[in-house]
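> Below is one structure. I have some questions about it.
The values are calculated or read from the model by the stated rules, or taken from the named source; none is laboratory data. Since the structure is predicted, the reported quantities are computational estimates derived from the model, not experimental observations. When we count neighbours, we look across all protein chains shown, and the Cβ atoms used for this are built from the backbone with ideal geometry, even at glycine. Keep in mind that these areas ignore ligands, DNA and RNA; they rest on the heavy atoms of the full protein, side chains included. Shrake-Rupley method; radii C 1.70, N 1.55, O 1.52, S 1.80 Å.
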Amino acid sequence: MLFYCLKRVALGVVIVMLAVTVLFCMIHLVPGDPARILLGPRATPELIASMSVRMGLDLPLPVQILRFFGNLFTGDLGMDVITNRPVADIVFGQLPYTLWLILTAIIFAALIGIPLGCYSAIHRNSLGDRISGILSVACITAPAFVVALYSLLIFAVTLHWFPAVGAGEKGEFWDQATHLVLPAFAIALSWIGYLSRLVRASMLEVMGENHIRTARAYGLAERTVVFRYALKLAVLPTVTLIGIGMGFLLSAALFTEIVFARPGIGKLIFDSITTRNYPVVMGSVLISTILFVISTTLSDLVNAWLDPRIRVSL
């Protein structure tokens with residue numbers, strides 16, 4: 001297990017370095033002079049040249065990449081050219097809002113989707129199974145930004161059940177929790193459908209395996225067979241899906257944070273791209289990539305812990 005963990009961590013580091021390098025090149029391929037866009041149309045050539053030097057844009061692209069990674073190894077993500085604050089302070093100040101949003105959405109999706117898929121598998125081809133299938137497909141086809149807009153209009157503007165915008169007052173747990181409900185629901189709705197369908201398919205496959213038939217032959221209660229033996233293996237693809245889906249959750253969080261005017265790393269990336277604030281963009285993208293790699297690595301480690309056969313397959 002230790003050797004498997006070391007290989008997964010090493011692979012994660014390589015993926016982060018490659019992803020950041022590609023994204024660094026893609027950002028610099030966007031047309032337009034970042035210094036001129038940042039300073040506005042009335043900026044003098046001298047001021048534009050000074051800003052380009054300050055942002056490191058006067059250096060060749062390979063030198064900029066090496067310089068970025070060199071600063072990264074010392075924990076320096078650069079300085080924000082607008083506020084002159086460390087990029088790390090800005091990014092990590094916004095990161096908790098996005099993490100709480102994604103975590104709440106995953107909890108919503110898991111608490112509803114997994115039991116729903118388990119029920120559908122146990123009551124295969126029943127009326128409840130058919131209704132669950134229809135609802136799951138409907139949830140999957142609902143984009144997060146559309147759900148965010150309609151939930152905002154219905155539950156916040158019309159019914160006044162939840163706050164409309166913002167993240168709540170700092171230190172006020174209940175206020176922040178109520179501000180989380182609608183954004184997390186908007187992100188979680190499609191994942192409820194994904195998890196439900198995946199758990200159902202996995203449960204049906206596991207329920208037909210030999211060890212399940214053996215457990216029933218020994219006279220174990222059906223509840224014990226389902227929840228202790230079948231669900232433990234059927235949930236493995238779900239853990240993988242949640243880990244791989246971190247990238248999709250981050251993209252959905254971007255739209256949701258914009259609709260609900262919430263602070264977060266997704267909105268920070270959007271605002272930084274529109275102003276061509278390269279240091280903040282790269283710092284935000286770097287942290288997002290690390291989050292994605294960590295989530296996929298953790299999902300692989302959890303799967304390896306639940307199923308020892310995976311440890312020898314890599």
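> Which residue pairs have Cβ atoms closer than 7 Å, lie 6 or more positions apart in sequence or on different chains, and pair a first residue in the range 263-282 that is touching a residue at least 60 places away in the same chain (Cβ under 8 Å) and under 15 Å from Leu29 (Cα atoms) with a second residue that is part of a loop (DSSP other than H, G, I, E, B) and open to solvent by less than 20 Å² (accessible area, probe 1.4 Å)?
Short answer, once both residue conditions are applied: Asn277/Asp80; Asn277/Val81.
> In addition: For the subset of the range 16-32 comprising residues that are modelled with pLDDT under 70 and open to solvent by 60 Å² or more (accessible area, probe 1.4 Å), which member is farthest from the chain's Cα centre (by Cα)?
Checking each candidate, the answer is Pro31.
> I've got another one for you. Just checking: which of the helices (runs of 4 or more DSSP H) contained wholly in the range 216-301 hold 2 or more residues that are over 25 Å from Asn71 (Cα atoms), within 16 Å of the chain's Cα centre (by Cα) and polar (S, T, N, Q)?
Working: elements: 231-234, 236-244, 246-259, 265-274.
It comes to 236-244, 246-259.
Residue by residue, here is whether (1) over 29 Å from the mean Cα position of the chain (by Cα); (2) of a type outside the set (Lys, Arg); (3) modelled with pLDDT of 75 or more holds:
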position	(1), (2), (3)
Leu39	yes, yes, no
Arg42	yes, no, no
Glu46	yes, yes, yes
Pro62	yes, yes, yes
Phe69	no, yes, yes
Asn84	no, yes, yes
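> Criterion first (open to solvent by less than 40 Å² (accessible area, probe 1.4 Å) and at negative phi) does Arg262 satisfy it?
Details: open to solvent by less than 40 Å² (accessible area, probe 1.4 Å): yes; at negative phi: yes.
Here the answer is yes, as Arg262 does meet what is asked.
> Let me ask another. For residues that are over 23 Å from Trp191 (Cα atoms) and aromatic (Phe, Trp, Tyr), scanning just the range 265-297, find the one that is surrounded by the fewest Cβ atoms within 10 Å (Cβ to Cβ).
Phe270
> Taking the range 172-211, which residues are touching a Pro at 6+ places or on another chain (Cβ under 7 Å), closer than 22 Å to Leu152 by Cβ and in contact (Cβ under 8 Å) with a residue 24 or more places away in the chain?
Restricting attention to the range 172-211, the residues satisfying the condition of being touching a Pro at 6+ places or on another chain (Cβ under 7 Å) are 178-179, 198, 202.
Within this subset, residues satisfying the condition of being closer than 22 Å to Leu152 by Cβ are 178-179.
Residue satisfying the conditions is His179 alone.
> Among the residues of the range 163-175, write down those that are surrounded by 12 or more Cβ atoms within 10 Å (Cβ to Cβ) and either modelled with pLDDT of 85 or more or over 23 Å from Ser251 (Cβ atoms) (or both).
Pro163, Gly168, Asp175, listed by residue number.
> What about Phe155, is it part of a helix (DSSP H, G or I) and touching a residue at least 40 places away in the same chain (Cβ under 8 Å)? Don't jump to the end; show me each part of the working.
Numbers: part of a helix (DSSP H, G or I): yes; touching a residue at least 40 places away in the same chain (Cβ under 8 Å): no.
Against the criterion (part of a helix (DSSP H, G or I) and touching a residue at least 40 places away in the same chain (Cβ under 8 Å)), Phe155 does not qualify.
> Further, regarding this structure: Going by the structure shown, is Lys232 touching a residue at least 40 places away in the same chain (Cβ under 8 Å) and either open to solvent by 50 Å² or more (accessible area, probe 1.4 Å) or touching a His at 6+ places or on another chain (Cβ under 6 Å) (or both)? It would help to see each step written out before you state the result.
Numbers: touching a residue at least 40 places away in the same chain (Cβ under 8 Å): yes; either open to solvent by 50 Å² or more (accessible area, probe 1.4 Å) or touching a His at 6+ places or on another chain (Cβ under 6 Å) (or both): yes.
For Lys232, the condition - touching a residue at least 40 places away in the same chain (Cβ under 8 Å) and either open to solvent by 50 Å² or more (accessible area, probe 1.4 Å) or touching a His at 6+ places or on another chain (Cβ under 6 Å) (or both) - is met.
> Still on this model: Mind telling me which of the residues Gly70, Gly128, Gly93 ends up being open to solvent by less than 60 Å² (accessible area, probe 1.4 Å), within 26 Å of Met246 (Cα to Cα), free of Cβ contacts under 8 Å to residues at least 40 places away in the same chain and part of a helix (DSSP H, G or I)?
Working: Gly70 fails: within 26 Å of Met246 (Cα to Cα); Gly128 fails: within 26 Å of Met246 (Cα to Cα).
From the options Gly70, Gly128, Gly93, the qualifying one is Gly93.
> Does Pro143 satisfy the condition of being within 25 Å of Phe270 (Cα to Cα) and open to solvent by less than 80 Å² (accessible area, probe 1.4 Å)?
Working: within 25 Å of Phe270 (Cα to Cα): yes; open to solvent by less than 80 Å² (accessible area, probe 1.4 Å): yes.
It is true that Pro143 is within 25 Å of Phe270 (Cα to Cα) and open to solvent by less than 80 Å² (accessible area, probe 1.4 Å).
> For the structure I just gave you, tell me whether Ala138 is hydrophobic (A, V, I, L, M, F, W, C), at pLDDT 80 or above and open to solvent by less than 30 Å² (accessible area, probe 1.4 Å). Step through it out loud before you land on a result.
Details: hydrophobic (A, V, I, L, M, F, W, C): yes; at pLDDT 80 or above: yes; open to solvent by less than 30 Å² (accessible area, probe 1.4 Å): no.
Taking the combined requirement at face value, the residue does not satisfy it.
> Give the residues of the range 165-215 that are in a helix (DSSP H, G or I) and farther than 25 Å from Ile242 by Cα, sorted by residue number.
Within the range 165-215, the first condition is being in a helix (DSSP H, G or I), and the residues that meet it are 173-207, 210-215.
Answer for the range 165-215, where residues must be in a helix (DSSP H, G or I) and farther than 25 Å from Ile242 by Cα: Phe173, Trp174, Asp175, Asn210, His211, Ile212, Arg213, Thr214, Ala215.
> Answer with yes or no whether Ile114 is β-branched (Val, Ile, Thr), within 18 Å of Ala201 (Cβ to Cβ) and out of contact with any Ser or Thr (no Cβ under 9 Å at 6 or more places or on another chain). Write out each step before concluding.
Numbers: β-branched (Val, Ile, Thr): yes; within 18 Å of Ala201 (Cβ to Cβ): yes; out of contact with any Ser or Thr (no Cβ under 9 Å at 6 or more places or on another chain): no.
The answer is no for Ile114.
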